[in-house]
1. Quick one: Lys107 ticks every box in (1) surrounded by fewer than 16 Cβ atoms within 10 Å (Cβ to Cβ); (2) in contact with an Asp or Glu (Cβ under 6 Å, 6 or more places away or on another chain); (3) closer than 18 Å to Asn303 by Cα bar one, so which box is it?
2. Quick one: in segment 278-318, of everything that is charged (D, E, K, R) and in contact (Cβ under 8 Å) with a residue 12 or more places away in the chain, which residue is surrounded by the fewest Cβ atoms within 10 Å (Cβ to Cβ)?
3. Restricting to segment 319-360, give me the number of residues that are in a helix (DSSP H, G or I) and either without any contact (Cβ under 8 Å) to a residue 12 or more places away in the chain or touching a Cys at 6+ places or on another chain (Cβ under 8 Å) (or both).
4. Which of the residues that make up segment 52-93 are outside any strand (DSSP E or B), open to solvent by 90 Å² or more (accessible area, probe 1.4 Å), touching a strand residue (DSSP E or B) at 6+ places or on another chain (Cβ under 9 Å) and at pLDDT 90 or above?
5. Checking the structure you have, find out if any residue of segment 28-38 is of a type in the set (S, T, N, Q) and open to solvent by less than 60 Å² (accessible area, probe 1.4 Å).
6. Could you say which residue among Glu352, Glu383 is surrounded by fewer than 17 Cβ atoms within 10 Å (Cβ to Cβ), farther than 28 Å from Leu263 by Cβ and acidic (Asp, Glu)?
7. Given the condition small (Gly, Ala, Ser) and at pLDDT 95 or above, answer yes or no: does some residue in segment 249-257 qualify?
8. With (1) surrounded by fewer than 18 Cβ atoms within 10 Å (Cβ to Cβ); (2) under 25 Å from the mean Cα position of the chain (by Cα) as the list, and Val433 as the residue in question, which single condition is left unmet?
Amino acid sequence: MIKKFFFIGAMALMMRPAFAQEPATGGVQELTLEQAIQYALSNNQDVRKASYDEQIGSQQIREARSQGLPQVNATGGLDYYPALPTQILPGALAGKPGEDIPVKFGKDYTASGNVKLTQLLFNQSYFVGLKAAKTTQDLYRLRREMAQEDLIYNIGTAYYQTLQTKEQFQNIEANLERLAELERIMTLQYKNDLVPKVELNRVKVNTTNLQNQLQTLTTTYEQQKNMLKFFMNMPLEQDVELSGSTSPLDNMVAEVITAEQALAQKTQYDLLNTQKQLQGYSIKNIQAGYYPTLSAYGQYGYNTQRDELFGSDVPWFKTSVVGLQLNIPIFDGFKKDAQIKQGQLEMKKINEDISKLETNTAVELTNALAQLRNSQNSIAVQEKNVELAQEVYETTNNLYKEGISPLTDLLDAEVSLREAKTNLNNEKLKYKVAQLNYLKARGELETLTK
């Protein structure tokens, strides 16, 4: 799991586009887990986007409300007729029965200006839309919280993985010091013909191998720090040093809770229920299309017709009208019925997602608790193993100095001690990741920010 996590982060880092970041502060910045999380929550792009979506939700509420407020529009127009329209009238009107008389109507210029006010009086869809808009804002808020939880988990995993790699340096450097001392002694012994050259070369080979491991570990450590800075959206130029100080996980108590309790605390569960509520409003909005709508309107304006645009004695004539408009839906070819059935099927899909989450939460909680207990036991076993390996090494080293034990035994004891410490370090990392998984299963990752 950790290797996969590191690979994904490294690939994301390689594919990372250039974008604006906060400038590097210079020097080495010491980071605790809480500081890394807080920095990430303030700078990560996904969290920022989720925050923008939440603000969009606020504006959507304003948009939904606007439909119920008075709508005022002003219009104006000016028409010029180089050739006035002509109509044919019966000649009887002019005393010429049996003839058609062409008559031009209007003036060369026609101008008008109007102000119209419309007020919605009743529309069932409007009231449903208001409720849906408020619920949509809750949906965006929950999505922001989920983005924050995902980020906290990624930061926590990357932080502890990097911290454990850092602690590996102490193990390798201590071994290098022991081998350097052994090589110095054996060099003197070789010069005095007390040991064969092959034994000195064995020590040099082990030293070279360990130095290569140290170089590889150094590269890995820098890559892991870059991955952590990627999640934090921190400039890669900013050097950081992880602090091994107390973290919130150190005081975590694995209290047993039921899957139902864990589910109730999960943001994803709230998100699915909010989506279900929104889907319900969507169905009600379609059903509201069966209701009639009623609105009132009023219009006031002026118009005139003139042969000349300016200098004419023809006045502006005012006009006004008020009225009601009623729309009654009668038959739409079963369109709304089909839409309602689609919405009901979407509701069933959400219910399936909720059921799946309930099962998944129970599995996650059970597995996380099992992993916590297993990691605790493994750490205890590895600590005893390190003590035993240390004792074997010291005993073998003393026997070697006395000429009783061969060099091969000493080198094997050194390798065993190094492997025991490495295994202990890995178990500690697994335990930290298990703690993160347990908090995630409980829906309590946000406690790392408090």
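1. Here Lys107 clears every test but (1).
2. Lys318
3. Result for segment 319-360: 13.
4. Within segment 52-93, Gln67, Leu69 meet the criteria.
5. Among the residues of segment 28-38, at least one is of a type in the set (S, T, N, Q) and open to solvent by less than 60 Å² (accessible area, probe 1.4 Å), which makes the answer yes.
6. When all the criteria are applied, what remains is Glu383.
7. no
8. So the condition that Val433 fails would be (1).
The values are calculated or read from the model by the stated rules, or taken from the named source; none is laboratory data. All figures in this text were calculated on a predicted structure; none of them were measured in a lab. Please note: Cβ atoms are built from the backbone with ideal geometry, for glycine as well, and neighbour counts cover all protein chains shown. Accessible surface areas use protein heavy atoms only, side chains included; no ligands, DNA or RNA. Shrake-Rupley method; radii C 1.70, N 1.55, O 1.52, S 1.80 Å.
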